[in-house]
Structures are given as structure tokens and as C-alpha cells.
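As C-alpha cells, the structure follows; a few thoughts come after it.
The values are calculated or read from the model by the stated rules, or taken from the named source; none is laboratory data. Just so you know, these numbers come straight off a predicted model, no measurement behind them. Here the Cβ is made from the backbone with ideal geometry for all residues, glycine too, and neighbour counts use every protein chain on show.
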Amino acid sequence: AQTVTQSQPEMSVQEAETVTLSCTYDTSESDYYLFWYKQPPSRQMILVIRQEAYKQQNATENRFSVNFQKADKYFSLKISDSQLGDAAMYFCAYRSAFGKTSYDKVIFGPGTSLSVIP
Amino acid sequence: SAVISQKPSRDICQRGTSLTIQCQVDSQVTMMFWYRQQPGQSLTLIATANQGSEATYESGFVIDKFPISRPNLTFSTLTVSNMSPEDSSIYLCSVDRPPYFGPGTRLTVT
């Protein structure tokens, strides 16, 4: 069974600085998706970025980028130029490749609480 | 991206009662998912709901406690039955490809 681990329960970053949140996962599959979700106090789960395992290029979305190391089963999120609005709970998540209908379940890590210091 | 709405956004209920949570999607989707997020915890999948078939429940969740309806391709309901304080959680509806989530329902059981 797949597992997702986030070893940093809490992180903090100074406003305008850069922070990296770490995630490791375990799977025997070769084709899958990885996601980072943000959950602010409003509790809405917001998709920040996703990475397809078959793509070697790391995904980027504006100030958010990932470092995907497939061989090491490592998937980190880098937030550049941190803003006060980035303060939230961040969840790393794993999903088997689309089309494998028996594996539609998304597995979430325990989360990292990010604080942004003004 | 899909737009998902949930009703109610929050509720306070007495133990022993039931609450039905509604989830509406702005486009037709094959599968809808219900998650539970207990206080300070991550998300746990309760069940997967396909239109026209029985929901598939994850280990630890049973239909008698969490009955689900899926009458069409844009709507689903989750009922939390015979509630106890341990059911106090956020309940989230989700659709796939990629997973998008509704705003959640915060349930408090007293």
C-alpha cells in the first residue's frame, strides 16, 4: 500500500523569504501523480501544484515549484517570496495514474503547518 | 476546474441525531468522493460514490453510519447517522482529475 510522509509538522518563514516543505512517499507503482494542497483556516482545500511521475521536468506555478526525485521517492514544495497569505496547512498527496479505476483513492500525508512571519 | 458547493457549511447537532450534507458540482462527473478530516488531522476517505451504483466504503466506515446517495452525475449526499461527539469533523466532498474539493462542512456534535 502507498504511504505519504511529511516529517515537518510545523515550519515558519519570514515574509519575502523562501521555504521548502518536504514529502516522501512509498509506492511500487511507476505511474502516478503527486500533489500539494493548501488548507487555510477557511478549511478550503486548494490545489497548489501537481506533478506527473512520468515527467522528469519539475512542475512550477508562479511562486510555487517542486523538486521531484522519483528514484528517492521525494517530493518537496518550494515557496518563493513568501506572503502572509501563504500561511496555511500544506498537504502532500499521492494518486495512482488516471485510468486505474481500482486505485482512485488519494492518499494524504499528515500535513505541515506553515507560519509566515511579517 | 470544477466548482463544488456544499450545504450546510457548518452545523451543531445533538448526539443521537442525523445530518445530511449535500454536494453539488457544476459539471457532470463519474465519481464523487467523501472525506473526513478530524480536528488537527489529515483527510481520510470515507467512500466513493458512482452514479447508479452502491457507494464503495473504505475500511472503518459502514453504510449504516454514513449512507450516501448519488442520484445523478452532479449531486451527492452524505448522511452522518446517530451522531456522537467523535463524529465532530470537517466533511469534504471531492471530484477527481485532479482532485478538487468542496468548501467542507464543519460538524460539531454536542
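Can you tell me which of (1) over 20 Å from B:P98 (Cβ atoms); (2) touching a strand residue (DSSP E or B) at 6+ places or on another chain (Cβ under 9 Å); (3) at pLDDT below 95 is the one A:D72 doesn't meet? Among (1) over 20 Å from B:P98 (Cβ atoms); (2) touching a strand residue (DSSP E or B) at 6+ places or on another chain (Cβ under 9 Å); (3) at pLDDT below 95, A:D72 violates only (3).
Within segment B:3-54, restricting attention to residues that are buried (at least 18 other Cβ atoms within 10 Å of the Cβ) and small (G, A, S), the residue that is nearest to the other protein chains (Cβ to nearest Cβ) is B:S42. Screening B:T79, B:T105 for residues that are crowded, with 18+ Cβ neighbours inside 10 Å and in contact with a strand residue (DSSP E or B) (Cβ under 7 Å, 6 or more places away or on another chain) leaves exactly one candidate, B:T105. Within segment A:42-55, the set of residues being surrounded by fewer than 15 Cβ atoms within 10 Å (Cβ to Cβ), more than 11 Å from chain B (Cβ to nearest Cβ) and either charged (D, E, K, R) or touching a strand residue (DSSP E or B) at 6+ places or on another chain (Cβ under 8 Å) (or both) comprises just one member, A:K55. Does A:I107 qualify as being of a type in the set (A, V, I, L, M), surrounded by 12 or more Cβ atoms within 10 Å (Cβ to Cβ), in contact with a Phe, Trp or Tyr (Cβ under 8 Å, 6 or more places away or on another chain) and at pLDDT 95 or above? Here the answer is no, as A:I107 does not meet what is asked.
Sub-8 Å Cβ pairs linking a first residue in segment B:82-110 that is at positive phi and facing chain A (nearest Cβ under 8 Å) to a second residue that is of a type in the set (F, W, Y) and outside any strand (DSSP E or B), at least 6 apart or interchain, are B:R97/A:F98, ordered by first then second residue.
Of the listed requirements (1) touching a residue at least 24 places away in the same chain (Cβ under 8 Å); (2) surrounded by fewer than 17 Cβ atoms within 10 Å (Cβ to Cβ); (3) assigned to a loop (DSSP other than H, G, I, E, B); (4) more than 14 Å from every other protein chain (Cβ to nearest Cβ), A:S28 misses just one: (1). For first residues located in segment B:30-50 and at positive phi, partners that are among the polar types (S, T, N, Q) and lie 6+ apart or on another chain with Cβ distances below 9 Å do not occur.
Restrict the check to segment A:3-11 and report whether at least one residue is within 11 Å of the chain's Cα centre (by Cα) and in a loop (DSSP other than H, G, I, E, B).
Taking segment A:3-11 first, the residues within 11 Å of the chain's Cα centre (by Cα) are A:4-6.
From the residues that got through so far, the ones that are in a loop (DSSP other than H, G, I, E, B) too are A:6.
Yes: segment A:3-11 contains one or more residues that are within 11 Å of the chain's Cα centre (by Cα) and in a loop (DSSP other than H, G, I, E, B).
Within segment B:9-56, being farther than 27 Å from A:W36 by Cα, polar (S, T, N, Q) and not in a loop (DSSP other than H, G, I, E, B) holds for one residue alone: B:T20.
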